[in-house]
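The values are calculated or read from the model by the stated rules, or taken from the named source; none is laboratory data. These numbers come from a predicted model, not from an experiment. Cβ coordinates were reconstructed from backbone atoms using ideal geometry, including for glycine residues, and neighbour counts include every protein chain displayed. These accessible areas exclude ligands, DNA and RNA; they are computed on the full protein's heavy atoms, side chains included. Shrake-Rupley method; radii C 1.70, N 1.55, O 1.52, S 1.80 Å.
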Amino acid sequence: LENAAIERSKAVDSAVLGKYNLWRRENENVNSDSTVRLMRDQIIMSKVYVSIAKSKNKLDLQQELQIRLKEIQQALGESTADSGLPHSASEKIKEMGKVLSKAREQLFDCELVTGKLRAMLQTSEEQVRRLKKQSMFLSQLAAKTIPYSIHCLSLRLTIQYYLLPQEKRKFPRSENLENPNLYHYALFSDNVLAASVVVNSTIMNAKDPSKHVFHLVTNKLNFGAMNMWFLLNPPGNATIHVENVDEFKWLNSSYSPVLRQLETASMKEYYFKADHPTVSGSSNLKYRNPKYLSMLNHLRFYLPQVYPKLDKILFLDDDIVVQKDLTGLWSVDLHGKVNGAVETCGQSFHRFDKYLNFSNHHISRNFDPNACGWAYGMNMFDLKVWKKKDITGIYHKWQNMLGTLPPGLITFYGLTHPLEKSWHVLGLGYNPSVHKKEIEHAAVIHYNGNMKPWLDLAMTKYRRYWTKYVKYDHHYLRSCNLS
């Protein structure tokens, strides 16, 4: 690299004075927006010579450079391509070239110029780091925020629900709720629109919707809204039931260690105070989302207690979209395992050492650092095996011992059967490189990450897979500007 840099510097020395981007070979291509790049390089060099002229008391030259610098900056504006430049740009470049040539003749000192460029580079790098940190914080903040339109939808539906007489608040086919011969889904969500897409996409792609049963659990703030939505938009011949997690009286801090931890003042301070001091990696903002304070996020570890009469249940996150009939999952042989899930590791990525602290002797003695991680969001759980192996008890043991996430990997260690990857494709909420063919062949696509499809942060190219299942003709959506 050093030798290459020296060779390129020789070419610069023989260049026409005032042209400072010759080391960028791609600029010789007429289609590479070389004019924009030349203007940017002229701006950099003019700033260097302004600083040197000031230090050497060349005030006339300093003033001339500043005038040309202002002109070239105005001509460049926000342009990123040559086609966006004004007609006057070429004249400004020529004038800047002349004054840069004069500055080079009077002020050029290789060591001094190099020092100024290095200082500018360091300043720019620091600005980039600061902006990246700020951008990450703002994107995390946006990801945690419920958009006004969805909040509006929830409020309107809640008011309408509590105006209904009791006899009109019931869903049909309640006799299906405990029938183990049907296909049962667990969906825990406080987002009405997201839950509606999960249910709607599942039903629209089901061969026989009448055999599908949705067990939806929300919190007390969204209980009325969730009920009202599905009363107004019933899922065809499928069965649906909505419950309020705050009415599960058995789920209390004396029974659940995670609930005891969530109720502590230190835990609440950690999740709600952005300036809270953190240690060794725990400062990652995505793990400081207040959603982790909600029992909806931890209810998945109590499935047999919530549904004691069922043998199998398919757990779905509310940021997924179903694209194919899922009934085949109930016939997958889990080989005595509790959890059927798609593995997420490729090479060294998403293995246990990426999630767990193996300096803790409890971790290092019990787990293989190279064990493969697996995905939450679409999981087939065998509740009979769950009860037999006391999975909830294992979860409580690790919560009492460690009190840390991710409990899922620990709890189901050695108890997870890998599903075919086409059942569940992840990354639509953070990865811009998920292949289109992979998405379209997937049974379930998952918007895990910050860029949820109902947020402005969403990646446009992925959003259409989600929006096609939103009922935009509903008047509540239009009134809340969701159409």
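If residue 426 satisfies all but one of (1) in contact with a strand residue (DSSP E or B) (Cβ under 6 Å, 6 or more places away or on another chain); (2) open to solvent by less than 10 Å² (accessible area, probe 1.4 Å), what's the number of the condition it fails? With respect to (1) in contact with a strand residue (DSSP E or B) (Cβ under 6 Å, 6 or more places away or on another chain); (2) open to solvent by less than 10 Å² (accessible area, probe 1.4 Å), residue 426 is out only on (2). If we keep just the residues of segment 317-342 that are under 29 Å from residue 470 (Cβ atoms) and among the charged types (D, E, K, R), which is most open to solvent (accessible area, probe 1.4 Å)? Across segment 317-342, the extreme among qualifying residues is 324. Residue 93 fulfils the conditions (1) in the same structural domain as residue 305 (by the TED database); (2) part of a helix (DSSP H, G or I); (3) open to solvent by less than 70 Å² (accessible area, probe 1.4 Å) except for a single criterion, (1).
Within segment 219-245, if we keep just the residues that are more than 21 Å from residue 153 (Cβ to Cβ) and not in a strand (DSSP E or B), the residue that is most open to solvent (accessible area, probe 1.4 Å) turns out to be 237. Scanning segment 117-137 for any residue that is touching a residue at least 40 places away in the same chain (Cβ under 8 Å), out of contact with any helix residue (DSSP H, G or I) (no Cβ under 8 Å at 6 or more places or on another chain) and hydrophobic (A, V, I, L, M, F, W, C) turns up nothing.
With the structure loaded, tell me whether residue 391 is within 23 Å of residue 260 (Cβ to Cβ), open to solvent by less than 10 Å² (accessible area, probe 1.4 Å) and among the aliphatic types (A, V, I, L, M) or whether it fails that test. Criteria met by residue 391.
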